[in-house]
Structures are given as C-alpha cells and as structure tokens.
C-alpha cells in the first residue's frame, strides 16, 4: 500500500472549506470530506455561532452528529417544537440523533461559541425547518442577525 498517498491527511486550520450547506445563525466549515481527504464514512468540520445569536431550527436527516465544544457556551433546543433544552461548555460533547429538530443558541452575549462537529456520513444534509423558536432573542433591536433568513 502507498501510505504516503493513502495514509494520514492533515488539514491545516486555514484550509477549512466554507462551501458547505449553512443554517441561518451558524457558520460551518468542512475539514474532513471525501473530496478533501478520501474519507468515506465521516464528515468533520467546525461551527461558529456569534454572541447572542441562534441558528434556525434544522435537522441532518439520517445522520448522527457529535459536537465538541471548544469555546463559549451553547444552549441546545430540540424536539418537534424545540421544547427541550440543555447547555454545554468547553470540553463537553453533544450527541444529536438522526432527524431530531434542533437549534443551537450562543448562551453568551460577549463571545462566539465554537465547536468541532463530526457526522456519520458524507452527505451534506441540512434540512432547515419552519419552526417557531421559544428562545427569546437577546440581540439589540437595531442589530443585524448573523445570518438573516433569505
């Protein structure tokens, strides 16, 4: 086997690819994909939610998702009406099962929330949902949303 060509791949932090499906309120960047590394069963990248911002409700189809919180504090809401919630801090992991409607909220007003995300497949499935969030908005009335709805 030619391990130099088919062995370990290192993806430098500055080489992440933002050309991946997005959800309002969150910026995703891909690191480990089939096209970039030859991975066939995993997708990995980063997500960033700006201070006081929240994502639009969404799910990832039949993919399992794991988030590892690096910086900040994330509040997750999930369920058919986003009626359940919990918070995670740096060093915490979050598991999101397939098809679970969810929303990420930056629980801090003064710093971004950053996480590593790993999914169980290569398809860039992001299904944005039209669900009203019970999460109150903390943004200033004149502020522009991080990713306004199109």
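The values are calculated or read from the model by the stated rules, or taken from the named source; none is laboratory data. As the structure is a computational prediction, the values presented were derived from the model and not from experiment. Because the Cβ atoms are built from the backbone with ideal geometry, glycine has one as well, and the counts that use them run over all protein chains shown.
Computed values, structure above
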{"read-out": "Residue in the stretch 81-91 that is within 12 Å of residue 47 (Cβ to Cβ), out of contact with any helix residue (DSSP H, G or I) (no Cβ under 7 Å at 6 or more places or on another chain), touching a residue at least 12 places away in the same chain (Cβ under 8 Å) and outside any loop (DSSP other than H, G, I, E, B) present", "value": "no"}
{"read-out": "Given (1) in a strand (DSSP E or B); (2) buried (at least 17 other Cβ atoms within 10 Å of the Cβ); (3) more than 10 Å from the chain's Cα centre (by Cα), number of the condition residue 95 does not satisfy", "value": "(2)"}
{"read-out": "Some residue of the stretch 8-15 being touching a residue at least 24 places away in the same chain (Cβ under 8 Å), under 22 Å from residue 127 (Cα atoms) and touching a strand residue (DSSP E or B) at 6+ places or on another chain (Cβ under 7 Å)", "value": "no"}
{"read-out": "Residue check, residue 142 at pLDDT below 90 and either loosely packed, with under 14 Cβ neighbours inside 10 Å or outside any strand (DSSP E or B) (or both)", "value": "yes"}
{"read-out": "Residue in the stretch 65-80 that is farthest from residue 136 (Cα to Cα), counting only those that are in contact with a strand residue (DSSP E or B) (Cβ under 7 Å, 6 or more places away or on another chain) and assigned to a loop (DSSP other than H, G, I, E, B)", "value": "72"}
{"read-out": "Residue in the stretch 27-42 that is within 23 Å of residue 134 (Cα to Cα), surrounded by 14 or more Cβ atoms within 10 Å (Cβ to Cβ), within 10 Å of the chain's Cα centre (by Cα) and at pLDDT below 95 present", "value": "yes"}
